[in-house]
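To start, the structure under review is shown below, and the notes come after it.
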Amino acid sequence: MAPPPSMPPSNGKNQRLEFALTDVWLVKGGVRSDDTERATQFLSLVLLKASPYCAEERTVCCLLPPTESMRIAMLVSLIRPTGPIIVGISLGFTLSLLSVTWVDESCDSDWMGAADEMLIGQPGSSKGARKPSSISTGTTDNGNLEGDFEPRIVPYNKPAQDGPPKKVFRAKYASTELGIRERLFVSVFTSKTTMNTLAVAINRTLNHHLDGRLIFFTGTRNRKLPNGMFVVAHGDERPVPNMFQSVRYLLEHHIADYDWFYFVQDDTYTQPERLKTLVSHLSMDLQLYMGQPGEFIGGETQRRYCHSGPGFLLSRAVLLKLQPFLEHCRTDIVSIRPDEWLGRCIIDYAGMSCVEEYEGLNYNYFAMENDMDLSRMENEGFQNALTSEIKNVSELAVDGNKSALWPIGITPPFEPKNRFEVLRWDYFTEDNLFSCVDGDPKCQLNGVDREDVTDVIRVALEELNKKYNPFVQLSTPQLVNGYRRLDHTRGMEYTLDLQFQATTESGHQKSITRRVHLVRPLSQVEIIPMPYVTEATRVHVLLPLTSYDSHAALRFLDHCSSNLFETGENAVLNFLFTYEPTEAQKVSTNDVFAEVKAKITSVEHTYPNVKVSWISIKTESPGVLRILDIVSRKHPVETLFLLVTADTVLNSEFLNRCRMNAISGWQAFFPIHFQEFDPSVAYPDQVPPATPDLVREAGHFDRYTFEEACFYNSDYMSSRTRMSGDLQENEELLENLDLYDMFVQYSGLHVFRAVEPALRQVYRNRTCDPRLSEDVFHRCLQSTLESQGSRSQLAMLIFEQEPGNST
């Protein structure tokens, strides 16, 4: 290292000093260079003062040992940079010692005892600074700081038990443990004379709507009570004690389970659904006394009580407020009317009066006269009290506008109970639909779908112009976004975002966008009373067969043996063998149905209680109506027919539905069977299952076939009678119509057409008869083609058959 500038050049005589200075600099590692220079100058000054001679004769001075002053100077130069650090550490230790106590707490002392005395604290007090490991317990009642305590692990020693451990009680229902209460409880006041008349009528009116949350109070104890009624008899006929006992009974037995209590006489008709609607809009903790307000006798107070005639509503909060003072009301309040007595008790001790309206909710009632004709009653109050749910949208309805439905008069929207019941909205534009029947993500809007979208846009434009005229005129609507869904309870719903060209009265134009909601409602829904039917009716199964179906008929008999004959099903098989003229001539030598008839004989031998009948019919026409004309004349009019094919698989479940859905003089049933696909297409290189599952890969519901039908012989005969007039004008009508068309056009019955999962047809490569009518032949071809397999299965089959694509 180069020597300082104040030093002479280095030589052999002063090398010791140079090394000494270098050692000082090395000891001060990390010190700035200017500090080293000051240390060198300081040491030179010390040497000059100690021995001036040595300053001049450096060779002698360098050999002298360092003096005491020189050692102090070197020490100061070393300590000076680290001084603040040493002071800080010392101060920290000092302050930490001040925050702890000099007296150690005994390990055996109670952790809840007094706190240790602190080194720093107020005179005469044992409280001081809190230990870092202790927990503050807050303040005492007089505001002083409580003693600190240290946590201590207390081992758990299981207490000795003489007997078996006690079982922990848990509520049966989660609602009980969470304190969830029912909304409404109804109390009806009756008497000995009306118990078996009016009270029974009230019970039949209200009980099934309230799920048993109904009780009857009376003053007389009867030995015999009506069935299905919960009656509480107090043993006192006086009205006021009867009311007192009833309120006390509710407080003792039902106050913890219900939010609202309805009191009514047995001569009052109550609409339970409207009462529940009213209660559903009221808060559970509301203090409310609601009914028909009445003035007290004498009018000494401005408060009102609720008449018991139309009934009144009391909240749980009010009854709880009365509970401590109920005995005072019994002894202090004098009244002959029970409703007036209870009203005075509520006013005096709960501080509230009877109200007829609360936040837009009205308590509607109507007093009837003795000579009133309900069929001609047009009184507004009567209509408000008894009309249907549609009237609830009016201002005078029980719940005001809070339950107003749109549109007025249309069934309310479907409300899903879980995630799987949520109805799906489909998105569309003016040209495309993004939810297609065949599963494609996008398809062109054609046919009735395009007409539907065009119509709703037109209606939206007309309705908006009605709303904004004459200030704004809207034109040239363009669909920005479109959504629709089918709600089977009310109709098709639409949500449209439309862009219009708006023109004001002054001629200014501007493009605006509006969102509109539309509903295309279904026709008026009507509940149709259906006649009573039973599952004990015998079913006559009709199976028309041609020579082409003979082998399939053998399989049909095997299915019937296992599914019907072994279970003793109440059904009769009728085989209708149809011979062509050439086949009929050879029946004695070469019967085309000989194998089927032999199979029938074998089945009857196996099942002695089974009788399978057959009829041989010679005809040139394959029309089913000509065959049924022959069969109909051979059976009674009350016979229930089931028309099937050789590929139909019957079972008890479907036969029961046939009995339930075919109603004489009322309804004919045409089920849509599940058609199985070609096994070679649906299960390539696999063994097909004996009974395929009801999945899309195994088959589909064939909507093009109408071969199965359930109907009564009397309905068929009456339909054929109505058809005779048109048959005279068109002799080919019997060949052009099938059974389904005949029932639709001539029966006058309700033709019930629905999918039937219990009815299946096995796959068979069928050939459609060209002698059928054009419509029937076309449906047969369509059904045959779609029964080959699904689109994906057929596409894969074509892909694999192309050269180079074989896997």
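The values are calculated or read from the model by the stated rules, or taken from the named source; none is laboratory data. All of these numbers come straight from a predicted model, not from anything done at the bench. Every residue, glycine among them, receives a Cβ derived from its backbone with ideal geometry; neighbour counts consider all protein chains shown. Note: areas computed on protein heavy atoms with side chains; ligands, DNA, RNA excluded. Shrake-Rupley method; radii C 1.70, N 1.55, O 1.52, S 1.80 Å.
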- [ ] Scan the stretch 479-491 residue by residue and report those that are in contact (Cβ under 8 Å) with a residue 40 or more places away in the chain and either part of a strand (DSSP E or B) or under 16 Å from Arg458 (Cα atoms) (or both).
- [x] Leu479, Asn481, Gly482, Tyr483, Arg484, Arg485, Leu486, Asp487, Gly491
- [ ] Specify the residue that is most open to solvent (accessible area, probe 1.4 Å); the eligible residues are those in the stretch 727-747 that are in a helix (DSSP H, G or I) and of a type in the set (D, E, K, R).
- [x] Glu729
Open item on the list: Tell me yes or no: at least one residue of the stretch 435-446 is open to solvent by 40 Å² or more (accessible area, probe 1.4 Å), assigned to a helix (DSSP H, G or I), within 30 Å of Arg791 (Cβ to Cβ) and β-branched (Val, Ile, Thr).
Closed with: no
Task: Of all residues in the stretch 197-231 being open to solvent by 20 Å² or more (accessible area, probe 1.4 Å) and of a type in the set (Val, Ile, Thr), the one that is farthest from the chain's Cα centre (by Cα) - done: Thr220
TODO: Could you tell me which of the residues Arg419, Arg424 is loosely packed, with under 13 Cβ neighbours inside 10 Å and modelled with pLDDT of 90 or more?
DONE: Arg424
Open item on the list: Quick check on the stretch 449-470. Is at least one of its residues surrounded by 13 or more Cβ atoms within 10 Å (Cβ to Cβ), of a type in the set (Ser, Thr, Tyr) and in contact with a Lys or Arg (Cβ under 6 Å, 6 or more places away or on another chain)?
Closed with: no
Task: The one condition in (1) out of contact with any Phe, Trp or Tyr (no Cβ under 6 Å at 6 or more places or on another chain); (2) in contact (Cβ under 8 Å) with a residue 40 or more places away in the chain; (3) open to solvent by 60 Å² or more (accessible area, probe 1.4 Å) that Leu781 fails to fulfil - done: (2)
Open item on the list: Looking at the stretch 567-598 only, could you name the residues that are within 22 Å of Glu535 (Cβ to Cβ) and at pLDDT 90 or above?
Closed with: Glu569, Asn570, Ala571, Val572, Leu573, Asn574
- [ ] Tell me which of these Leu545 doesn't satisfy, since it passes every other one: (1) at pLDDT 90 or above; (2) under 40 Å from the mean Cα position of the chain (by Cα); (3) surrounded by 13 or more Cβ atoms within 10 Å (Cβ to Cβ).
- [x] (2)
Task: Single residue of the stretch 249-271 satisfying the filter (part of a loop (DSSP other than H, G, I, E, B), within 28 Å of Thr197 (Cβ to Cβ) and in contact with a helix residue (DSSP H, G or I) (Cβ under 9 Å, 6 or more places away or on another chain)) that is most open to solvent (accessible area, probe 1.4 Å) - done: Tyr269
TODO: Out of the residues in the stretch 573-630 that are outside any loop (DSSP other than H, G, I, E, B) and touching a Lys or Arg at 6+ places or on another chain (Cβ under 6 Å), state the one that is surrounded by the fewest Cβ atoms within 10 Å (Cβ to Cβ).
DONE: Ala584
- [ ] Just name the residue that is nearest to Ala552 (Cα to Cα) out of those in the stretch 748-778 that are assigned to a helix (DSSP H, G or I) and open to solvent by 60 Å² or more (accessible area, probe 1.4 Å).
- [x] Phe777
- [ ] For residues that are in contact with a strand residue (DSSP E or B) (Cβ under 6 Å, 6 or more places away or on another chain), in contact (Cβ under 8 Å) with a residue 24 or more places away in the chain and not small (Gly, Ala, Ser), tally how many sit in the stretch 184-209.
- [x] 8
Open item on the list: Any residue that is open to solvent by less than 10 Å² (accessible area, probe 1.4 Å), touching a residue at least 24 places away in the same chain (Cβ under 8 Å), under 25 Å from Gly219 (Cβ atoms) and of a type in the set (S, T, N, Q) - is there at least one of those in the stretch 236-247?
Closed with: yes
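Okay, residues lined up against (1) touching a helix residue (DSSP H, G or I) at 6+ places or on another chain (Cβ under 8 Å); (2) at pLDDT 90 or above:
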position: Thr619; (1), (2): yes, no
position: Gln667; (1), (2): yes, yes
position: Phe674; (1), (2): no, yes
position: Pro688; (1), (2): yes, no
position: Glu697; (1), (2): yes, no
